[in-house]
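Report on the structure given below.
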Amino acid sequence: MTTFAIAHGGGDVGWSWHLVAQALQAKGHTVVAPDLPIEDESKDLTDWASTIVDALPSTSDAVAVGHSFGGFVAPLVASRVNARALVLVTAMVPSPGETPGDWWASTGYTDSGLEDQFFHDVPADLAAEAQKRERGMSENSMTKPWPLDAMPDVPTHFVLCTEDRFFTPDFMRKVVADRLGVEPVELAAGHCASLSKPNELADLLLGLTAGQAADPAGSDVHTGILGLGNDGN
């Protein structure tokens with residue numbers, strides 16, 4: 001069975017993935033989604049990745065998953081454990097030497113201007129709990145360059161959330177095309193898909209990492225061409 005090593009987003013906690021974890025664990029898989037030391041000014045992205053690697057019961061048959069800001073962290077995990085696959089979920093895709101703080105201008109990001117960019121499709125009780133658990137971000141994490149020379153040479157997939165008001169679909173399609181050169185797989189969900197569509201996202205993660213995309217909820221998932229990794233671009 002697979003171990004899913006999850007890097008949560010900025011200002012977030014591992015709890016945000018608990019429903020996805022439950023769905024994956026019910027099918028016999030292991031999930032590791034620790035709270036990353038995002039508020040600690042003495043820690044950088046490499047330390048964040050170490051938090052996940054150190055929490056793994058085994059590095060065998062691991063899949064690295066990164067959400068939002070976790071896109072800067074999950075590739076580091078994938079590289080260190082020789083992951084079977086890397087899955088980025090509506091995530092920032094870094095370039096070598098780029099700092100997270102520079103990513104926004106480098107990619108041409110602009111605010112959508114839409115209201116409630118994170119929780120508009122999340123059940124009210126989960127949204128309230130998520131907001132209570134929000135944390136700050138260290139300045140150090142925004143200024144240190146991403147340390148890899150390239151994305152890790154593993155099969156890489158991108159889940160694009162078509163109802164995302166923070167990383168809007170048109171913006172993310174361009175980023176994915178420019179930086180990964182793959183066709184994303186689309187999920188009808190907002191930015192916090194792990195809370196709004198946990199079962200669909202869990203099935204999609206399983207389908208992608210098994211070599212084919214799942215279609216767990218009819219029109220909620222659109223299967224594109226799966227990412228092939230750097231050697232297949």
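The values are calculated or read from the model by the stated rules, or taken from the named source; none is laboratory data. For clarity, every value in this text was computed on a predicted model and none was experimentally measured. Virtual Cβ from ideal backbone geometry, glycine too; neighbours counted across all protein chains shown.
With respect to Arg80, determine if the residue is out of contact with any His (no Cβ under 9 Å at 6 or more places or on another chain), within 23 Å of Pro37 (Cα to Cα) and not hydroxyl-bearing (Ser, Thr, Tyr).
Values: out of contact with any His (no Cβ under 9 Å at 6 or more places or on another chain): yes; within 23 Å of Pro37 (Cα to Cα): yes; not hydroxyl-bearing (Ser, Thr, Tyr): yes.
Criteria met by Arg80.
When the stretch 20-34 is examined, which residues are found to be in contact (Cβ under 8 Å) with a residue 40 or more places away in the chain and surrounded by fewer than 18 Cβ atoms within 10 Å (Cβ to Cβ)? Spell out how you get there, then give the answer.
Taking the stretch 20-34 first, the residues in contact (Cβ under 8 Å) with a residue 40 or more places away in the chain are 20, 22-24, 27, 29.
Scanning the stretch 20-34 gives Gln22, Lys27.
Name the single residue that is surrounded by the fewest Cβ atoms within 10 Å (Cβ to Cβ) among those in the stretch 196-233 being at pLDDT 95 or above and farther than 20 Å from Thr3 by Cα.
Only one residue fits best here, namely Ser196.
Looking only at the stretch 176-183, decide whether some residue is assigned to a helix (DSSP H, G or I), loosely packed, with under 14 Cβ neighbours inside 10 Å and among the hydrophobic types (A, V, I, L, M, F, W, C).
First pass over the stretch 176-183, keeping only residues assigned to a helix (DSSP H, G or I): 176-179.
Going one step further and asking which of them are loosely packed, with under 14 Cβ neighbours inside 10 Å, we end up with 177-178.
Okay, now just the ones that are also among the hydrophobic types (A, V, I, L, M, F, W, C), so 177.
Checking the stretch 176-183: at least one residue is assigned to a helix (DSSP H, G or I), loosely packed, with under 14 Cβ neighbours inside 10 Å and among the hydrophobic types (A, V, I, L, M, F, W, C).
Return the residue satisfying two criteria in turn: it lies in the stretch 175-209 and is out of contact with any Gly (no Cβ under 8 Å at 6 or more places or on another chain) and charged (D, E, K, R), and of such residues it is farthest from His67 (Cα to Cα).
Step one: filter the stretch 175-209 for residues out of contact with any Gly (no Cβ under 8 Å at 6 or more places or on another chain), giving 175-179, 181, 187-195, 197-209.
Retained after the next criterion (residues that are charged (D, E, K, R)): 178-179, 197, 200, 203.
Details: Asp178: 19, Arg179: 16, Lys197: 14, Glu200: 15, Asp203: 16 Å.
Step by step, filter the stretch 175-209, then rank; the result is Asp178.
Is there any pair linking a residue in the stretch 151-175 that is closer than 20 Å to Glu98 by Cα and at pLDDT 95 or above to one that is among the hydroxyl-bearing types (Ser, Thr, Tyr) and not in a strand (DSSP E or B), with Cβ under 6 Å and at least six apart or on different chains, and which?
Within 6 Å, the pairs are Pro152/Ser79; Phe167/Thr90; Val175/Thr107.
Since Gln131 meets every condition but one in (1) at pLDDT 95 or above; (2) surrounded by 15 or more Cβ atoms within 10 Å (Cβ to Cβ); (3) over 17 Å from Leu180 (Cα atoms), which condition does it not meet?
Here Gln131 clears every test but (2).
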